[in-house]
1. Looking at region 13-25, can you tell me whether even one residue there is part of a helix (DSSP H, G or I), at pLDDT 85 or above, surrounded by 12 or more Cβ atoms within 10 Å (Cβ to Cβ) and touching a helix residue (DSSP H, G or I) at 6+ places or on another chain (Cβ under 6 Å)?
2. With (1) over 20 Å from residue 127 (Cβ atoms); (2) in a helix (DSSP H, G or I); (3) over 34 Å from the mean Cα position of the chain (by Cα) as the list, and residue 98 as the residue in question, which single condition is left unmet?
3. Among 312, 256, 287, 328, which is at pLDDT 85 or above, surrounded by 13 or more Cβ atoms within 10 Å (Cβ to Cβ) and part of a helix (DSSP H, G or I)?
4. Please state which one of 184, 226 is over 23 Å from residue 283 (Cβ atoms), over 33 Å from the mean Cα position of the chain (by Cα), in a helix (DSSP H, G or I) and modelled with pLDDT of 65 or more.
5. Is it the case that region 58-79 has a residue that's within 44 Å of the chain's Cα centre (by Cα) and either crowded, with 24+ Cβ neighbours inside 10 Å or in contact (Cβ under 8 Å) with a residue 60 or more places away in the chain (or both)?
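The values are calculated or read from the model by the stated rules, or taken from the named source; none is laboratory data. Please read all numbers here as calculations on a predicted model, not as lab measurements. Virtual Cβ from ideal backbone geometry, glycine too; neighbours counted across all protein chains shown.
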């Protein structure tokens, strides 16, 4: 987030080439995210078909370079070996075994490339032994057994690097890329959870304060009213009309006490959505809770705020949550300042973070958070939203909301 507009989030790999490579890796490997579970399977099927088709195209030249020289058996062997790529993610060694066997049948090295990639990208321990096994088997079948092709027909680097080492290095790159993606997604989820937890705790604190105030003030006054009305009924037994009126007062007071208890129970329920009345106090509570989560946040607000509409409160809190979440994601270790101010009938909220102190690894999220938030401010011409980098290398979000913003 620091140093760049958050609407253009940083990729796990730096710069435009990094984002392009990241997208290429995602498409070629089917690693586009958990929301597309069927894409990986489609990629496996397409790669298996591609391998089989390429082997079929080369078969008129390569079917005489192995222990099987007839065309049809060689074709069946090529398609059967290519089919093992369907299980390249779960059984990464299966294409390696198929390639070792297929090297006896043909000098076709298409499967070698796919198998070398699969074993390094999806294999576990000793995955590079699979690459060594592929190269050794090729050397044995092509040269020691004196089958067609091999070292005698072409220089070693033509197959050693292009057909096995390069695909294996590419597979290792994909493997490490997936590991980085997992770490970044976990970090993003933790940052969002920390901000949400801090906001939830601030809501609980606000509700507790309101409930305690209602209990101390209304509860005491209603209790006195019930006792006084009960005493009045005792004193006016000789006057049925007054006694009836005293009974009505007592019943009304008891009903009011029941209503107060119902309100207090609502405040205690985390399922009820009640926006805080004191935005300044709420943001101060969020900042305090974020400090407990390990994020340095300072908040300042005027002692008195004008009455705010519910829509204005919701929009300010949404801006605060988005600013804290982006700071946690994009600027780990940075100091964050929340500043709430009033200018006439406008309330201004500034969220500014300093330059990040820790390593930054952020996936390209498309900037939907700030873009959607900016769109929410366009409903009222008096409202204003800005998100921009600062001269010191940090980032600043400014939200201006009218106090009477309509929902």
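1. No, region 13-25 contains no residue that is part of a helix (DSSP H, G or I), at pLDDT 85 or above, surrounded by 12 or more Cβ atoms within 10 Å (Cβ to Cβ) and touching a helix residue (DSSP H, G or I) at 6+ places or on another chain (Cβ under 6 Å).
2. With (1) over 20 Å from residue 127 (Cβ atoms); (2) in a helix (DSSP H, G or I); (3) over 34 Å from the mean Cα position of the chain (by Cα) applied to residue 98, the lone miss is (1).
3. Working: 256 fails: at pLDDT 85 or above; 287 fails: at pLDDT 85 or above; 328 fails: at pLDDT 85 or above.
Every option except 312 fails the conditions.
4. Details: 184 fails: over 33 Å from the mean Cα position of the chain (by Cα).
None of the other options fit; the residue is 226.
5. yes
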